[in-house]
1. For a footprinting-style exposure proxy, rank PHE242, PHE430 by other Cβ within 10 Å, fewest first.
2. Report the charge-dipole magnitude of the stretch 559-629 in Debye, nearest 20, computed about the Cα centre from +1 at each Lys and Arg Cβ and -1 at each Asp and Glu Cβ.
3. Using amide H atoms built in the peptide plane, which far-off residues or other-chain residues are under 5 Å from GLN478 H to H?
4. Full extension from LYS272 to GLU429: what is 0.36 nm times the residue separation minus their Cα-Cα distance, to one decimal in nm?
5. How many angstrom lie between the Cα centre of the stretch 518-578 and the Cα centre of the stretch 432-482?
6. Could you list which residues have their amide H under 5 Å from that of GLN103, counting only those 5 or more apart in sequence or on another chain, with H placed in the peptide plane?
7. Please work out how much length the chain gains when fully extended from GLN346 to ASP116, using 0.36 nm per residue of separation minus the C-alpha to C-alpha distance, in nm with one decimal.
8. Each residue of the stretch 272-287 in turn: what ³J(HN,Hα) in whole Hz from Karplus with 6.51, -1.76, 1.60 and θ = phi - 60°, glycine and Pro shown as x?
Amino acid sequence: MASSLGLVARAPSAGAFIAHTPQKEASFPRADLAPLAFSHQRSGTTTSPSESCVRPVGGSRLGSAFLGDLQQLQERPQPLVRAMASGAAAAAPAMASLGDQKQALLTVSDKTGLIDLAKGLIELGYALVSTGGTAAAIEKAGVPVKKVEEVTSFPEMLDGRVKTLHPAVHGGILARRDVPGHVEALEKHKIGTIDIVVCNLYPFYQTVMAPGGTSFENGVENIDIGGPAMIRAAAKNHGDVFVVVEPPDYSTLLDVLKKGAGGDEELAFKKKLAWKAYQHTSSYDSAVAEWLWKNVGGSEPAPSLTVPLTLASSLRYGENPHQSAAFYTDRSLQEHGAGGIATAVQHHGKEMSYNNYLDADAAWNCVNEFPDPTAVVVKHTNPCGVASSKDDLLEAYRLAVRADPVSAFGGIVAFNVPVDETLAREIREFRSPTDGETRMFYEIVVAPEYTEAGLATLKGKSKTLRILEAKARAKGKQGLRQVGGGWLLQDADDKTPEDIEFKVVSQRQPTKQELADVKFAWRVCKHVKSNAITVAKGNRLLGMGSGQPNRVKSLQIAVEKAGDEVQGSALASDAFFPFAWGDAVEDACKAGVAIIAQPGGSLRDQDAIDCCNKYNVALVMTGVRHFRH
């Protein structure tokens with residue numbers, strides 16, 4: 001991971017990382033990808049993160065091995081070797097001699113800005129060397145270019161697998177101009193220097209993530225070998241060679257070359273390009289490794305894991321003003337098209353903050369849990385208001401706010417259906433139930449879509465209101481969370497009431513409505529911080545207790561918020577009740593709840609059953625726990 005990253009945190013179900021450092025003035029890398037490397041310890045062994053992070057597929061080691069093989073061949077008096085040697089001697093040296101015209105090697109998959117760069121380099125006096133499709137594109141534009149086989153006196157072979165893996169290429173890149181031995185070696189073998197390498201790699205990511213996927217064989221064929229080797233070689237010798245892997249850097253390169261600044265200024269630019277180059281190959285390798293492990297590793301956790309991150313924005317601060325922060329999107333293959341707040345489009349309002357991302361993520365994940373049109377209000381990552389309605393979303397929104405209007409003020413409101421003009425006007429004009437006068441204030445509104453009129457109406461609520469459009473989070477993903485010196489990996493908690501058997505264990509059987517109410521409470525409970533208790537009735541949350549060290553206190557808070565409406569309501573608990581009599585279960589029964597749902601699994605489950613039977617309360621057990629820390 002780039003050195004400018006400090007502590008990194010991620011909401012377990014989010015599609016991105018948020019980083020913050022203890023020092024307010026910390027800087028963050030603005031280009032390419034910042035990979036996180038992880039090591040999985042098993043059977044007393046550790047795979048070094050650096051090995052998976054920086055070793056390219058067929059990187060410079062392969063290039064060096066190939067050079068050594070050629071040298072050994074030249075020393076063997078075999079007929080084939082003699083024929084190769086005589087052919088090479090007969091060919092006129094294609095590379096410029098050291099000290100002659102400077103050369104730039106261009107070989108790219110992404111041809112954005114290629115022709116302008118080629119023309120600019122020609123104007124600056126560089127000779128161009130290129131390969132395959134890149135050379136063809138340059139030639140078609142009428143720009144003079146030399147094909148790499150003219151340089152190596154060796155044809156492209158093995159269906160393009162071997163093009164640039166040759167001493168005439170890597171020697172020209174790796175030779176240090178300030179080392180006499182290197183210069184003498186180039187002159188001896190008639191190898192000219194390569195002063196600029198412009199290269200980006202085969203589109204492996206796009207190939208393996210294409211709709212419908214691709215075969216294993218085609219995926220392997222799209223693993224670049226020569227490209228990473230050249231990029232790493234040029235980056236290693238950045239004191240003498242410019243290495244460029246991103247089209248946005250083309251214009252800067254030309255500007256630096258025109259200035260001919262030299263010295264510290266030019267070296268600083270070269271060092272930055274070298275960093276980008278290694279970041280580029282590292283991130284590329286992480287995609288290859290992730291894809292290969294998916295094909296060969298089964299369900300086992302990867303022994304070593306690298307997560308490529310792209311800086312999306314530098315944030316004003318972290319959780320608190322004295323903490324610097326940044327927001328990174330996750331570029332790993334599993335996050336491709338997975339949706340979530342990380343890929344949301346912001347249509348309006350102030351820039352997002354660290355806490356905004358966490359709260360918006362919590363609201364968005366919660367609202368998409370519900371099959372019917374639903375409104376969710378979140379404060380400090382906990383849903384404080386939730387209501388669903390198939391027929392009247394406006395009323396559902398009002399009911400969600402009324403569940404806890406004090407907490408809802410300044411919160412985040414999320415919808416799982418498009419926001420039209422009518423709903424937008426209600427959001428804009430709705431008054432707080434606490435006094436009937438104060439307009440509700442929100443930090444963020446997030447929805448899957450907005451009509452044109454709806455968006456225009458909502459923008460009129462406030463200049464600062466952040467309006468996000470997001471795609472629902474895909475199921476079956478994994479999440480990472482940091483602890484001091486390590487990371488925890490787990491599957492997302494995707495289970496819904498449809499995946500769970502609500503087993504009735506009490507004497508009284510619940511009514512159809514009670515069962516529907518307790519399933520609604522159960523959906524909400526999963527998104528509340530433990531210890532979590534939710535009370536619901538009629539497709540709306542009446543009260544919730546969250547984050548308490550003991551379940552009794554969470555119950556008291558939830559019942560207090562529900563008020564008189566607790567009578568005949570449904571209660572859900574994210575984990576089992578360790579005690580029943582004189583504890584949370586009996587307190588809930590006395591408060592008037594009609595049905596309770598809990599996972600079960602306590603040594604005292606029978607006490608909970610007996611208690612519910614005494615008060616004629618229905619009790620269902622799910623066998624599924626929903627802790628959330």
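1. Working: PHE242 20, PHE430 14.
Sorted ascending by nearby Cβ count, the order is PHE430, PHE242.
2. Details: 6 positive and 10 negative charges, 41 e Å.
Roughly 200 debye, rounded to the nearest 20.
3. Answer set, sorted by chain and number: ALA492.
4. Values: separation 157, 0.36 × 157 = 56.52 nm, distance 5.10 nm.
Once the chain is fully extended between LYS272 and GLU429, it gains 51.4 nm.
5. 25 Å
6. ALA127, ASP195, ILE196
7. On the way: separation 230, 0.36 × 230 = 82.80 nm, distance 3.31 nm.
Taking GLN346 through ASP116 to full extension adds about 79.5 nm, to one decimal.
8. Listing the rounded values in order: 5, 5, 5, 4, 4, 4, 5, 5, 4, 6, 5, 5, 4, 5, 5, 5 Hz.
Bear in mind that the values in this text are calculations on the coordinates, not laboratory data. Computed from a prediction, not measured in an experiment: that's the story for all the values here. A quick note on method: Cβ atoms are made from the backbone with ideal geometry, for glycine too, and the neighbour counts reach across all protein chains shown.
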